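**Student:** First, the structure itself, so that you have it in front of you.
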Amino acid sequence: MPETAPTPSGPPSGPSSGPLSGPSSAPPEESVGPLERGLALLRAMAVDPAVRQRPSDLARATGLARSTVDRIATTLVGLGYLRSDGRDLVLAPRAAEFGNAYLTGSGLPDRLGSLAVELADRLDESVSIAVPDGDDARFVVQATRRRAMAVSFRIGDLLPAERCAPGALFAAEWDEGRWDAWPRRRANGVDDANGTDDGGYAVEPSSAPDVVGFRELAQASAVRGWSVDDQLIEPGLVAVSVPVRDPSGATVCAVSVVSHTSRHDAASLTGHALPRLRDTAREMERRLALPAAPAAPAVPPSGRRLKEELGSGFLQSLARGLDVLLALGAAPGSHPLAAVARATGLPRATARRALITLRHLGYVGSDGERFRLLPRVLGLGYARLAGLSLAEIAEPHLIDLVLRVHESASMAVLDGPDIRYVARVPTTRIMRLDLAVGTRLPAYPTSMGRVLLGALPEPELASLLAEMTPTRFTEATVTDRAALAAAVRAAARDGHALVDQELEEGLRSVAVPVHDGLGRVVAAVNVALHAGRGTPDEVRAALLPPLSEAARAISADLALTDRLPGARPA
Ligand code: PHB
């Protein structure tokens, strides 16, 4: 049975009766107001590229009363989806849970992601997977080559159909109503069935698109089975895409190879990439046709404790609605109402009203019996959060740490035999060693260096140690290679390193590792302090617990925003 998601051309073609009839512009009677308004606020937070937003600006952007914005914000801060930063609000990495729910529910990154990575490796070009989302194309996988290319899209980014290669393939399946409505919607700057303007495009749509030309292009692309983007997004960027279909023949997604005119023009990219791209698409189709293991959704209800904590300021129906959204994405595929109610611990009637609301807003599709998340969920800030750098993720946690311990805290990554500072939060106390972000220090006499070296495979560590020429910075500096190797191994074994005045007299520091979503050590965080502040044992006892807690919080945020780890900027 076809799914009835709100489509831009009006009511869907699915059943019009049953528990959930088709969406219309007005909210259905049973729609949950606080859930609608909470999602509007999250979407507004996601759209504006500014990191921080004032509640008053959000009130203006959403048309909500200021007091309503405040209650929603209190609830979303309590749930951990927003952070309040003085007067301002910031989207917190936990909000990536929504997009992750869609990605898990769709099964696409899990089933197809490794094939995209393999193709990128074989062709030595970027490969992406996009799904149709309304009239547009939204990225769900990015296997990016690290190259100086003008733009690089993120998972969750939305591209207008007429400006990218996947768009022509998706438009080949539009019906007459959709082709009629499309230029009007473009002219009005409106991009969903409810008449709201997401403004969430990664590149601007054309306000007066060439409908006839695009329709011809879509037809031609469908006939030959591939489409090409010859610098539609910006000068230099070229891409070729092929569709990936499900067993019924419907296009589930498009897989693209992306290059730059400094390496390929559109024709040579097509010649170079198309044969392997087609093989990959066929293999993807085979994987999509494999039956998925049946799985029941499950999600811990988030709001119960908060209701007691925050009292009447807490919008329980918003929290419950978001639980329903997360539950739908906790396992691949679509789920019946009863399973959603069970997973969330909510009464059926409550879960049903949340589903009706989510469906009306275009976040959920349904055949009348079963429900699944739609790509629009990625518009709730996923691209922004997936694009956060290590430093941006770490900073709020380092600030909390410094406020707790009243000493300075930093994060560094390994860069050859050196460490490079990527984030630093100083205390007001004067320290002789004043380090700026970007500073490099030799790894061997620093606590973060010992932790980072300790995470290396043995042969790599051995060759780095062999290359180093350890210098005596102080009386205490360990310069003997065997002793250094032992100190590094001790750091790996203990899960932390304390370095006592080896870099500078009077400076003591303690560091622990930070892990990515795959458990790999990607950075270290430390606290540095004057040696007069306590003995090494006292420093360990006082600082290791809060430092480890900060590292765990940073690692948890990294895991939430790291779908295909490896390409995060430091
Ligand atoms: C991309 O993945 O960056 C991409 C894909 C298709 C396009 C343009 C860019 O047409």
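Any read-out appearing in this document is the output of simple, stated calculations on the displayed coordinates, not a laboratory observation. These figures come from a predicted structure and were not determined experimentally. Note: ideal-geometry Cβ built from the backbone for every residue, glycine included; neighbour counts use all protein chains shown.
**Student:** Positive end of the dipole of the chain, charges at C-beta (+1 Lys, Arg; -1 Asp, Glu), about the Cα centre: which of VAL69, VAL521, ALA394 has its Cα farthest in that direction?
**Tutor:** Towards the positive end, the residue furthest out is VAL69.
**Student:** In debye to the nearest 20, how big a dipole does the chain give about its Cα centre with +1 on each Lys and Arg Cβ and -1 on each Asp and Glu Cβ?
**Tutor:** On the way: 62 positive and 67 negative charges, 199 e Å.
That gives the chain a dipole magnitude of about 960 debye.
**Student:** A further question follows. Could you tell me how far the Cα centroid of the stretch 346-388 sits from the Cα centroid of the stretch 437-509, in Å?
**Tutor:** If you average the Cα positions of each part, the centres end up 49 Å apart.
**Student:** Between the stretch 105-173 and the stretch 248-319, how many Å separate their Cα centres?
**Tutor:** Each part reduced to its Cα centre gives a spacing of 9 Å.
**Student:** What percent of all Cα-Cα pairs in the stretch 243-290 falls into each 5 Å bin, going from 0 up to the bin containing the maximum distance?
**Tutor:** Percent of Cα pairs in each bin: 5, 21, 26, 17, 13, 10, 5, 2.
**Student:** Applying a 10 Å radius around every beta-carbon, put 137-143, 475-481 in order of their mean neighbour count, most first.
**Tutor:** Details: 137-143: 26.1, 475-481: 13.7.
Per-residue mean Cβ counts within 10 Å order the peptides as 137-143, 475-481.
**Student:** Using modelled amide H (1.01 Å from N, peptide plane; none on Pro or chain starts), what sits under 5 Å from the amide H of LEU89, excluding residues fewer than 5 places away?
**Tutor:** Excluding prolines and chain starts, which carry no amide H, the hits are GLN53, ARG54.
**Student:** Ranking request for peptides 74-85, 526-537: highest mean number of other beta-carbon atoms within 10 Å first, then the rest in descending order. Could the numbers behind the result be given before it?
**Tutor:** On the way: 74-85: 19.7, 526-537: 17.1.
Ranking, from highest mean packing down: 74-85, 526-537.
**Student:** Still on this model: Based on the Cα coordinates of the chain, what is the per residue volume of their convex hull in Å³? Write out the running numbers ahead of the final one.
**Tutor:** Working: hull volume 95.2 nm³, N = 570.
Cα-based convex hull of the chain, divided per residue, equals 167 Å³.
**Student:** Average projected area of the Cα convex hull of the stretch 338-466, in nm²? If you can, show how the numbers build up before the last one.
**Tutor:** On the way: hull surface 53.9 nm².
Orientation-averaged projected area of the Cα hull: 13.5 nm².
**Student:** Further, regarding this structure: Using +1 on the beta carbon of Lys and Arg, -1 on that of Asp and Glu, and nothing else charged, what's the dipole of the stretch 345-501 about the Cα centre, debye to 20? It would help to have the intermediate numbers written out before the result.
**Tutor:** Working: 19 positive and 16 negative charges, 207 e Å.
For the stretch 345-501, the charge dipole is close to 1000 debye.
**Student:** Semi-axes of the stretch 241-323's equivalent ellipsoid from the Cα gyration tensor, sqrt of 5 times each eigenvalue, largest first, rounded to whole Å? Walk me through the numbers on the way to the answer.
**Tutor:** On the way: eigenvalues 425, 85, 18 Å².
Working from the Cα gyration tensor, I get semi-axes of 46, 21, 9 Å.
**Student:** If I take all pairs of Cα atoms in the stretch 471-513, what percentage of them are more than 14 Å from each other? Kindly include the intermediate steps, with their values, before the conclusion.
**Tutor:** Numbers: 454 of 903 pairs.
Value for the stretch 471-513 (Cα pairs over 14 Å): 50 percent.
**Student:** So what is the 222 nm mean residue ellipticity for the chain from helices alone, if each DSSP H run of at least 4 adds -39500 (n - 2.57) and you divide by all residues, rounding to the nearest 500 deg cm²/dmol? Before the final figure, lay out each step's value.
**Tutor:** Numbers: 19 runs with 240 residues, N = 570.
Rounded to the nearest 500, it is -13000 deg cm²/dmol.
**Student:** Stick to Cα atoms and the Kirkwood definition of Rh, then tell me Rg/Rh for the stretch 437-562. It would help to have the intermediate numbers written out before the result.
**Tutor:** Details: Rg = 14.5 Å, Rh = 15.0 Å.
Over the Cα atoms of the stretch 437-562, Rg/Rh equals 0.97.
**Student:** Using a 10 Å cut-off on Cβ atoms, rank the peptides 171-179, 320-328, 88-96 from the highest mean neighbour count down.
**Tutor:** Working: 171-179: 15.6, 320-328: 27.6, 88-96: 22.0.
Descending mean neighbour count gives 320-328, 88-96, 171-179.
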